[in-house]
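Chemist: Dropping the structure in here first, questions after.
Readers should treat all values here as calculations from the given coordinates under stated rules, not as data from a laboratory. Predicted model only: the values in this text are computed from it and were never measured. Note that we place each Cβ from the backbone using ideal geometry, even for glycine, and neighbour counts take in every protein chain shown.
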Amino acid sequence: MDLLETVIIAIVEGLTEFLPVSSTGHMIIAQSLLGVESTPFVKAFTVIIQFGAILSVICLYWKRFFYPNAESRGESYWHSMFNFYARLVVGVLPAVVLGLAFNDFIESNLGNVQLVAWMLIIGGIFMLFCDRIFNKGSEDTKLTYKRAFIIGLVQCISMIPGVSRSMSTIVGGMSQRLTRKAAAEFSFFLAVPTMLGATCLEMYKMLTHGSGSLLTQGNNLETLIIGSVVAFVVAILAIKFFINYVTKYGFAAFGWYRIIVGIIIIACGLMGVEMKMVD
């Protein structure tokens, strides 16, 4: 990849990773339009630059990660720390278990572009009405272990390409009567262990399957650094915009956007435009 392709793909990653619009669907469009070949390094790049997005969440919500008792009700520092991280573990556990159990199914459907398009449309239609269905009159921000586990279960739906991890976790939070803001913020927090695990796994594969030299070939290391920095900056802006927007207006606009993107992908297929997933 050249510098322009690196920056564009990183911008797409940073913009879409935390929004309920499916980063997978957008990566299909971006890489197809740019004509980026799906090499082992490109595959690793699209996963590893998520580390920049992870840092954006920690940067914006550092008090919640390191001083969670600031918003607790009389809990000690260590008790609050334990509860905060324990809820993250409870929330991510279903994805770990089901991800391992259905790994073959997930892998076999990653290249199904039509499935992505239809999931974008179906999810978009659902988001047009989710405010009315789940969050009417809700003012609750308390996250219990039960709620964290249920949100984690709903997150597993995002194993279907095109559903969107962010959308599934936010809807899961709203189904538990959390406010829009509280549901979105826990979605961000839950992304940290989920995406960190994916990044570490990809690095492990690179270092243990004879491809560690990818980091030293050409400008690959520089490309990873640039991509991660761009994803970090863009993700910060995306998160700030998203929280402010959904708190005021809800999710309908993202629903319409998903529908439009899904229709574009289907239309491209009907016109014979080849669109490929990252292998």
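Chemist: Sort R87, R64 so the one with the fewest other Cβ atoms within 10 Å of its own Cβ comes first.
Modeler: Ascending number of Cβ neighbours within 10 Å: R64, R87.
Chemist: Which pairs, out of K142/K248; K43/K146; K146/K181, put more than 28 Å between their alpha-carbon atoms?
Modeler: Beyond 28 Å: K43/K146.
Chemist: Please state the relative contact order of the range 3-270 as a whole percent: Cα pairs under 8 Å, 6+ residues apart?
Modeler: 36 percent
Chemist: Cut-off is 10 Å between beta-carbons; in what order do T39, T179 appear when sorted fewest neighbours first?
Modeler: So the residues, fewest neighbours to most, are T39, T179.
Chemist: In what sequence, highest mean first, do 261-267, 240-246 appear when ranked by Cβ atoms within 10 angstrom?
Modeler: Put in order of decreasing packing, that is 261-267, 240-246.
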